[in-house]
1. Among Y98, Y198, Y41, whose mean-square fluctuation peaks in a Gaussian network model of the chain (Cα, cutoff 10 Å)?
2. Considering amide H positions built from the backbone, and no H for Pro or chain starts, which residues 5 or more places from K202, or on another chain, come under 5 Å of its amide H?
3. Name the shape class, rounded, prolate or oblate, that the alpha-carbon gyration tensor gives for region 13-88, where a ≥ b ≥ c are the square roots of its eigenvalues, rounded holds for a/c under 1.5, and otherwise prolate holds if a/b is larger than b/c and oblate otherwise.
4. Distance from the Cα centre of region 1-26 to that of region 141-189, in angstrom?
5. Taking 22 Å as the cut-off for C-alpha to C-alpha distance, list the pairs among K97/K153; K82/K123; K176/K202; K16/K82; K4/K82; K146/K169 that go past it.
6. What residue among A104, A15, A164 shows peak mean-square fluctuation when the chain is described by a Gaussian network model with Cα springs under 10 Å?
7. Between [x] 0.95; [y] 0.97; [z] 1.10, which matches Rg/Rh (Cα atoms, Kirkwood Rh) calculated for the structure shown?
8. Might you work out the accessible area of F189 for me, using a 1.4 Å probe with all protein chains in place, and round it to the nearest 10 Å²?
Amino acid sequence: MDFKDSIQQLSERIAKQQDAIVTEEGTKNAFIMPMIAALGYDIFNPFEVVPELDCDLIKKKGEKIDYAIMKEENPILLIECKHCKQDLNLHDTQLQKYFVASKARFGVLTNGIEYRFYTDLEKDNIMDLEPFVEVNLENINESGIKALMKFRKETFDKSNIYKAAEELKYSTLIKKVFEDEFDTPSDEFVRFVLNDIYTGKKNKNMVEKFKPMVRKAFSAFINDIVNQKLNEVFDTM
């Protein structure tokens with residue numbers, strides 16, 4: 001069974017079993033450990049997977065990460081687990097503390113269904129507030145599978161993942177800017193457009209006048225790109 005089939009099978013298992021899972025340990029056993037195994041790591045080998053790894057920075061509270069994926073006796077990926085019904089938005093600060101206390105460059109917060117991957121793009125050894133990629137196994141798609149594949153044992157490369165994380169993060173932010181400007185063009189964006197097409201004063205009244213035109217033109221531009229891509233696909237069929 002290849003990796004894609006393993007993930008699809010796990011997705012189907014989640015759909016059938018999640019309502020029967022009543023504890024965090026049950027979530028680990030049914031969903032998270034099979035994911036770790038699908039990534040190619042031996043969950044029974046302490047040189048590859050360490051449960052309850054000590055991540056206590058001050059060595060007094062006994063704080064431990066649920067799982068640490070190891071390479072050459074060092075953690076490369078921390079996995080913090082929650083019950084499959086838990087809202088992950090309530091638990092990201094816990095992973096941040098473990099991240100600081102570890103040498104790992106990547107952390108995962110998961111409830112066995114949703115996987116949020118973090119790194120330290122903003123400041124070394126300080127986990128970013130936002131994940132660089134999120135994968136939901138209830139709605140798994142090709143891009144989600146490709147993201148998971150980067151963390152397989154056989155292909156794991158810290159530098160490549162870090163580079164991909166940076167690109168994913170900023171691509172997502174850029175896309176969000178475009179989406180916001182598409183829905184409601186800001187005054188700054190309208191003035192930016194007018195700089196090349198209008199020589200008069202770009203006061204508030206003029207900006208408001210051009211806003212509907214900018215939005216309409218932006219919409220037409222996006223539609224043209226989509227239609228072009230569709231035509232290219234049809235031409236190759």
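1. For the chain, modelled as a Gaussian network with Cα springs under 10 Å, the answer is Y198.
2. Residues meeting the criterion, in which the H sits 1.01 Å from N, do not exist here.
3. oblate
4. Taking the Cα centre of each part, region 1-26 and region 141-189 sit 25 Å apart.
5. Too far apart for the 22 Å limit: K97/K153; K82/K123; K176/K202; K4/K82.
6. Among A104, A15, A164, the largest GNM mean-square fluctuation belongs to A15.
7. The calculated read-out lines up with [z].
8. 50
The values are calculated or read from the model by the stated rules, or taken from the named source; none is laboratory data. All values reported here derive from a predicted model rather than from experimental measurement. When the accessible area is computed, the model is the full protein with side chains, heavy atoms only, and any ligands, DNA or RNA have been set aside. Shrake-Rupley method; radii C 1.70, N 1.55, O 1.52, S 1.80 Å.
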